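Chemist: Before I ask anything, let me first share the structure, which is written out below as structure tokens.
The values are calculated or read from the model by the stated rules, or taken from the named source; none is laboratory data. A quick note: this is a predicted structure, and the numbers were derived from the prediction, not measured. In this analysis, Cβ positions are derived from the backbone assuming ideal geometry, glycine residues included, and neighbour counts consider all displayed protein chains.
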Amino acid sequence: MTKILLVEDDSNLREIYGIRLEAEGYNIFSASDGEEALAVAVREHPDLIITDVMMPKISGFDMLDILRSTPETKNIKVIVMTALSQDDDKQRGQSLGADHYIVKSQVTLEDVVNVVKDVLNDGMTPPVSTTSADSNTTDPQSGSSQNEAEQSVEDFVSNSPLMNGTPPSSTPSENTSDNTQSTQL
């Protein structure tokens, strides 16, 4: 089974992408920062790493540099998936050896799945066939259907306060004068 290491400090995104990629039959490992990811990469030898850039401890760029400098990990395929959309950021990712660079705000979940397939197949992914909405393929290993897995992701996204555009309501203890920081979503 193909192993993918998903490195993302946002637990909601990590879970959403993990669920969707598992539905495709991939074995998913996850890490919340670059330091943890390096340890998992050495231990698990994933076929692909999908990494954010702006993370605590070790950034995705620094992690990529270390991966490419380490004999045990230098050939692992890496997709950088980040909010950074500037050309110099993309060039930095490419110069450090990223196999693909994705700007989060410019892709859908299905786009990410297609890029993963493409990178794992060395750019040889056949065109995606269109199927009817009521088709229901079953994964022989898990017994889960593709539609069930997609519905799980859709349910998670629609029920997540951060994903539907509504920030979570604050509790009285969070809404004190000591805590005046606001986050714009």
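Chemist: Pick from segment 47-67 the residues that are within 15 Å of the chain's Cα centre (by Cα) and charged (D, E, K, R): which of them is nearest to Thr82 (Cα to Cα)?
Modeler: Looking at residues that are within 15 Å of the chain's Cα centre (by Cα) and charged (D, E, K, R), I get Asp52.
Chemist: Might you check whether a residue that is touching a His at 6+ places or on another chain (Cβ under 8 Å) and part of a loop (DSSP other than H, G, I, E, B) occurs anywhere in segment 22-33? Working first, answer last.
Modeler: Our first condition is that a residue be touching a His at 6+ places or on another chain (Cβ under 8 Å); within segment 22-33, this holds for none.
No, the conditions are met nowhere in segment 22-33.
Chemist: Just a yes or no: is a residue in segment 75-84 more than 21 Å from Val115 (Cα to Cα) and at pLDDT 95 or above?
Modeler: Of segment 75-84, the ones more than 21 Å from Val115 (Cα to Cα) are none.
No, that holds for no residue.
Chemist: If a residue must be among the aliphatic types (A, V, I, L, M), outside any helix (DSSP H, G or I) and closer than 18 Å to Pro46 by Cα, how many such residues does segment 95-125 contain?
Modeler: Filtering segment 95-125 down to residues among the aliphatic types (A, V, I, L, M) leaves 96, 98, 102-103, 107, 109, 112-113, 115-116, 119-120, 124.
Next, only the ones that are outside any helix (DSSP H, G or I) stay: 98, 102-103, 107, 124.
Now narrow it down to the ones that are closer than 18 Å to Pro46 by Cα: 98.
Here the count works out to 1.
Chemist: Here's something else I'd like to know. Just checking, how many residues over segment 2-49 are without any contact (Cβ under 8 Å) to a residue 40 or more places away in the chain and among the acidic types (Asp, Glu)?
Modeler: Qualifying residue count for the region: 3.
Chemist: Among the residues of segment 73-94, count how many are over 13 Å from Thr51 (Cα atoms) and in a helix (DSSP H, G or I). Reasoning before the result, please.
Modeler: Start the filter on segment 73-94 by keeping residues that are over 13 Å from Thr51 (Cα atoms), which leaves 73-75, 85-92, 94.
From the residues that got through so far, the ones that are in a helix (DSSP H, G or I) too are 87-92, 94.
Here the count works out to 7.
Chemist: Determine whether Glu22 is of a type in the set (D, E, K, R), farther than 18 Å from Leu120 by Cβ and at pLDDT 95 or above. Quick ask: steps written out before the conclusion?
Modeler: Numbers: of a type in the set (D, E, K, R): yes; farther than 18 Å from Leu120 by Cβ: no; at pLDDT 95 or above: yes.
Against the criterion (of a type in the set (D, E, K, R), farther than 18 Å from Leu120 by Cβ and at pLDDT 95 or above), Glu22 does not qualify.
Chemist: A further question follows. Looking for something farther than 25 Å from Glu110 by Cα, more than 13 Å from the chain's Cα centre (by Cα) and either without any contact (Cβ under 8 Å) to a residue 12 or more places away in the chain or surrounded by fewer than 22 Cβ atoms within 10 Å (Cβ to Cβ) (or both) - is there at least one such residue anywhere in segment 79-93? Spell out how you get there, then give the answer.
Modeler: First, pick out the residues of segment 79-93 that are farther than 25 Å from Glu110 by Cα: 88, 92.
Next, only the ones that are more than 13 Å from the chain's Cα centre (by Cα) stay: 88, 92.
Imposing the further condition that a residue be either without any contact (Cβ under 8 Å) to a residue 12 or more places away in the chain or surrounded by fewer than 22 Cβ atoms within 10 Å (Cβ to Cβ) (or both) reduces the set to 88, 92.
The answer is yes; a qualifying residue exists.
Chemist: When you go through Lys117, Lys104 one by one, which is the residue that is under 18 Å from Leu21 (Cα atoms) and at pLDDT below 95?
Modeler: Values: Lys117 fails: at pLDDT below 95.
The conditions single out Lys104.
Chemist: Which one is nearest to Met81 (Cα to Cα) among residues in segment 18-46 that are among the acidic types (Asp, Glu) and crowded, with 18+ Cβ neighbours inside 10 Å? Talk me through it step by step, then tell me what you get.
Modeler: Filtering segment 18-46 for residues among the acidic types (Asp, Glu) gives 22, 24, 33, 35-36, 44.
Narrowing further to those that are crowded, with 18+ Cβ neighbours inside 10 Å: 22, 33, 36.
Numbers: Glu22: 18, Asp33: 13, Glu36: 17 Å.
Among those residues, the one meeting the criterion is Asp33.
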